[in-house]
Amino acid sequence: MRAVELFEQGRPQSEVARMVGMHPENVRRWKRLWEQGGAQALRWRPAYRPAAQAG
């Protein structure tokens, strides 16, 4: 959520990446998600794992 605060301050993506200690590509992805769905879009969600099929 720190990245969201920095985006809202108008900080460049490269600066946000440096400040939160993440790779700039991750920050680009986060910013795109944030622009499309707000802070809610950045909340952690477990990965989808389909149930194993009985064989």
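Distance between the 7 Å Cα→Cβ label points at Arg2 and Gln36: 2.6 nm. Within the shell of other residues whose beta carbon sits under 10 angstrom from the beta carbon of Val16, the net charge comes to +3, with Lys and Arg scored +1 and Asp and Glu -1. Taken along the Cα-to-beta-carbon direction at a fixed 7 Å, the label points for Arg29 and Glu15 span 2.5 nm.
Quick note: the coordinates plus some simple rules give every number you see, no bench work behind them. Predicted, not measured: the structure shown is a model, and the values here were computed from it. As a convention, Cβ positions derive from the backbone with ideal geometry for all residues, glycine included, and neighbour counts pool all protein chains shown.
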